[in-house]
Structures are given as C-alpha cells and as structure tokens.
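Chemist: Below: one structure in structure tokens.
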Amino acid sequence: MRWTEAEIGDQGGKTFLVTGANSGLGYETMRALLAKGARVIMAVRSEAKGRAAVQKLGGGELRIVDLADLDSVRALAAGLRRDRVAIDVLVNNAGVMMPPRTLSAQGHELQFAANHLGHFALTGLLLGGGNDGNDGSDGNDGNDGNDSSDSLIRERVVTVSSTLHRPGRIHYDDLDGAGSYSPTRYYSQSKFANVLFALELDRRLRRAGSPVRSVLAHPGYSATNLQTSGPTGVMKAFMRIGNAVLAQPAARGALNQLYAAVDPRAEGGQFIGPDGMGENRGWPSVVEPVERAKDPADAQRLWTLSEQLTGVQFEGARSR
C-alpha cells in the first residue's frame, strides 16, 4: 500500500505530544498533524529552535525538556500533569546519534540516556504520574507535582527506533562505554533498547487491560540533521554524503511514525517501517524487529534496570 498524509483522518479534538519536534522527523510529524486539525505539543531542548518551528508552522505549543536529564523529564511530566493535559498520543521521537562519548547529568552514556532512559521515564510518568520512585535522595522532594496515578495518555505510545537496532545489544557489563566506546555500537544499543522497551510495554499494557497501545516505528534512511549533528570527523562527512545521495526525504520517513500514531489498523506491538529493500526507503508497512529484540527475558532485565536508573515505575503497566 502507498500510505500517505492524505490517509490521515481529521485529528480535531486530539492532542499529540511529540519529542524533538523542532526539526527532522518530529517537525514533519508535527506539520502533518497540525494540517489535520490536531493539537500538537512539541517537547524540545532548545527554546529558540522550538519557537522558530512554531512560528514557521503557524501552530503548536512549546514545552522544554532535555531528555538526557532525568530532572528535566520529571519537570516536563509534572508540568503536563499540573496543567491537566490529556494526551491522546505520545510520540517518543527525539534522538541523539553517534556523538563522542559523553555522559548525561546523571552520569549515563548520552545516547542511552536521551534515546532510551528519558523516553522510558517520560512514558512512565505520563502513564502513572504518582509512581515516580524518587525518594528525594537526589535533592528532589519526591512528588514532582505528581499527585495522581491517573494516566495522561489515552490512546497510543509510539516509540521511534532505527534499522540500526539490528546489530544492537545491551552492554550490561559496560552500559556507559567506560571500558570500550564506539559511537555506532552505543547508538545501536540505544535503538535496540527502544525496541525491547516498546514491546515489553505492549505486553504489560495488554496484561493490565489498558486501552493504550504501544507501537514501534522507524524511518528507514531519511535525511535529517540527526546524521550530522552528532557524528564527527569521517563519520560526519560520510553521513552528509549519504543524506544527499541515498536518503529519502524526512517527510517520507515520518510517514511511518504517523501511521503508527493515527491509523486505526496500527496494533500494539507492531513495528512500522518502509517497505523497500533493506527497509531503507519506501512506504509504511509492518516490519519485523531483529529476533533477539523479541526476547521477553532481556526486555524484563532492561525494564528492571531502567526502573532503577530512572526511579520511575509504571502504574497500569506492571508485570504480573
């Protein structure tokens, strides 16, 4: 099928929260949703870039968050809960790609922190804001304004991964790359973590009888500034050439997460990606993650670790 933006129905009355919506895939997702009448909240790190995107699109609401900083994620979730913002669809889109080894504010490898832990924490806090496991030992008061366990998310959580999840694995013995760091290997770790997380979230939501669906998407090889804002040296030059010669436009890549976010046929646990060769280009279709990413035991291990590292537990999506 050739699923395009024309297939998106009227989204009037619906609210979407899209992380990293000031550029690339997130920007194209926001643009398409606004065109269909949706209320779109963009959660971005740079206020200046966010305001520029809102002005250019003529719509959208701005919230500030650094997904690599768990305190910033808690502040975003607390603000949304305080303002009683009901979110129909959360799109976990923002990402960091292949930078030199850098640690987050909490001391985690930057790609794992921003791409996985930040989205894990945000999703958990929005699904059940009274279940932030923070005990105040980090200087926080432990409630973060989360006085309710009611879910702010009503329909779907869309988590954006990559074809580079395929060579990935979780380096439990060297999670932060202190022993041996490779920008590409640790990017793959974070994208593999996205898949483990989204599939485990789907299992847990189903067991809990929740109406919320957890859906995965990836854009194939799409030209965005992600490929050139993180990598350095030879890798940055290679990515720049690849964007010009091999990649499909960001608007085409964003169709996959748009399908996952709005199409009634998108089911929990599905992975939506391009239908072309190698899933690099093409139209949205149901694709398969690498077999290792379907392992419930590995997903459970990562989930437990993520709860420990973030201090966030999920209400309404607990293991039984």
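The values are calculated or read from the model by the stated rules, or taken from the named source; none is laboratory data. These numbers were taken from a predicted model, which means no experiment stands behind them. Note: ideal-geometry Cβ built from the backbone for every residue, glycine included; neighbour counts use all protein chains shown.
Chemist: Considering only segment 69-106, how many residues are of a type outside the set (D, E, K, R), in a loop (DSSP other than H, G, I, E, B), touching a residue at least 60 places away in the same chain (Cβ under 8 Å) and within 21 Å of Ser182 (Cα to Cα)?
Modeler: 8
Chemist: Specify which of the listed residues (Gly282, Gly273, Gly278, Gly268) is more than 22 Å from Ala113 (Cα to Cα), in a helix (DSSP H, G or I) and not hydroxyl-bearing (Ser, Thr, Tyr).
Modeler: Gly278
Chemist: Note down all Cβ pairs under 8 Å where the first residue falls in segment 171-191 and is in a loop (DSSP other than H, G, I, E, B), the second is of a type in the set (Gly, Ala, Ser) and modelled with pLDDT under 95, and they're at least six residues apart or on different chains.
Modeler: Note: no pairs meet the criteria.
Chemist: A further question on this structure: Mind checking which residues of segment 64-87 are within 29 Å of Gln189 (Cα to Cα) and surrounded by 20 or more Cβ atoms within 10 Å (Cβ to Cβ)?
Modeler: Val65, Asp66, Leu67, Ala68, Leu70, Val73, Arg74, Leu76, Ala77, Ile87
Chemist: Restricting the search to segment 263-285, which residues are of a type outside the set (Asp, Glu), out of contact with any Asp or Glu (no Cβ under 7 Å at 6 or more places or on another chain) and either surrounded by 14 or more Cβ atoms within 10 Å (Cβ to Cβ) or closer than 30 Å to Asp71 by Cα (or both)?
Modeler: Result: Ala266, Gln270, Ile272, Pro274, Gly276, Asn280, Arg281, Pro284.
Chemist: Within segment 192-216, which residues are part of a helix (DSSP H, G or I), small (Gly, Ala, Ser) and surrounded by 20 or more Cβ atoms within 10 Å (Cβ to Cβ)?
Modeler: Hits for segment 192-216 are Ala193, Ala198.
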